[in-house]
Amino acid sequence: KNQVEQSPQSLIILERKNCTLQCNYTVSPFSNLRWYKQDTGRGPVSLTIMTFSENTKSNGRYTATLDADTKQSSLHITASQLSDSASYICVVSLYAGNNRKLIWGLGTSLAVNP
Amino acid sequence: EAQVTQNPRYLITVTGKKLTVTCSQNMNHEYMSWYRQDPGLGLRQIYYSMNVEVTDKGDVPEGYKVSRKEKRNFPLILESPSPNQTSLYFCASSHEGPYEQYFGPGTRLTVT
């Protein structure tokens with residue numbers, strides 16, 4: 001069964017600290033993996049995308065890694081800011097005939113406290 | 001400004017009263033999609049459209065209809081809303097296929 005599991009479900013950290021969010025998937029055939037940031041009550045916004053051959057990609061203070069062998073990805077946030085408080089969703093795309101299908105994780109809710 | 005707009009942003013209605021949530025994008029995107037988001041269930045795709053006049057069911061299409069008569073617009077229609085359709089709805093668009101999707105601001109629907 002195609003699944004995307006994220007951990008932890010929620011996380012509280014202090015401002016300026018680093019944190020790492022995890023995403024494990026059982027999706028085949030794999031196309032790409034994307035991380036989205038979703039502020040409360042707003043639509044998700046894409047942070048990074050990685051294909052099978054990429055194992056790391058950065059977007060400012062956000063760095064995503066991908067291990068296609070173990071089917072794991074992580075999102076590392078450096079020097080967190082209050083504005084990083086949001087839900088972070090991992091989405092894996094798989095090939096489905098001529099189309100792509102997305103498998104969404106449930107997200108990790110991050111709270112950054114002063 | 002490139003954006004996806006949805007209207008209304010908030011809606012409270014009663015069971016059985018037909019409603020339409022509009023979605024419009026100004027990026028000339030071919031692919032558009034509707035999602036609902038519920039606590040503990042994440043984002044689930046309702047319907048999607050690869051291009052004008054081409055629509056297809058997502059994972060949870062029951063109770064919903066869509067149409068794509070113009071490239072920029074993709075309305076979501078609830079012919080007879082029920083309380084289990086109370087949810088947060090997002091419209092999204094992308095250049096081609098479900099790749100980098102741009103999401104609208106969301107419509108919070110309550111059906112009593």
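The values are calculated or read from the model by the stated rules, or taken from the named source; none is laboratory data. Keep in mind the model is a prediction, meaning the values are calculated, not measured. Positions of Cβ are generated from backbone atoms using ideal geometry, with glycine treated the same way; all protein chains shown enter the neighbour counts. Areas reflect the complete protein model, heavy atoms only, side chains present, ligands, DNA and RNA absent. Shrake-Rupley method; radii C 1.70, N 1.55, O 1.52, S 1.80 Å.
The GNM of chain B, with springs linking C-alpha atoms under 10 angstrom apart, assigns the highest mean-square fluctuation among B:P81, B:P39, B:P98 to B:P39.
Multiply the residue gap between B:K69 and B:Y99 by 0.36 nm, knock off their C-alpha separation, and tell me the result in nm, one decimal place. Don't jump to the answer; show the numbers that get you there.
Numbers: separation 30, 0.36 × 30 = 10.80 nm, distance 2.22 nm.
8.6 nm is the gain from fully extending B:K69 to B:Y99.
Using a 10 angstrom cutoff on alpha carbons, build the Gaussian network for chain B and name the most mobile of B:Y48, B:Y102, B:Y89. Highest fluctuation among the options: B:Y102. Among A:A86, A:A96, A:A68, the residue with the largest mean-square fluctuation in a Gaussian network model of chain A, with springs joining Cα atoms closer than 10 Å, is A:A96.
Kindly report the accessible area of chain A per residue (heavy atoms of protein chains, probe 1.4 Å, no ligands, DNA or RNA), in Å². Walk me through the numbers before you get to the answer.
Numbers: 5770 Å² over 114 residues.
On a per-residue basis, 51 Å².
Pairs of C-alpha atoms in the protein assembly as shown farther apart than 28 Å represent 31 percent of all such pairs. In this structure, B:L11 and B:D59 have a Cβ-Cβ separation that, at R0 = 22 Å, corresponds to a calculated FRET efficiency of about 0.45. In chain B, the C-alpha radius of gyration followed by the widest Cα-Cα span (Dmax) gives 13.0, 37 angstrom.
Of the whole protein surface, B:C91 contributes about 0 Å² of accessible area at a 1.4 Å probe radius. Note on the protein assembly as shown: with neighbouring protein chains present and a 1.4 Å probe, carbon and sulfur make up 49 percent of its accessible heavy-atom surface.
Per residue, how large is the accessible surface of chain B? Use a 1.4 angstrom probe and give square angstrom.
Numbers: 5460 Å² over 112 residues.
For chain B, the solvent-accessible area averages 49 Å² per residue.
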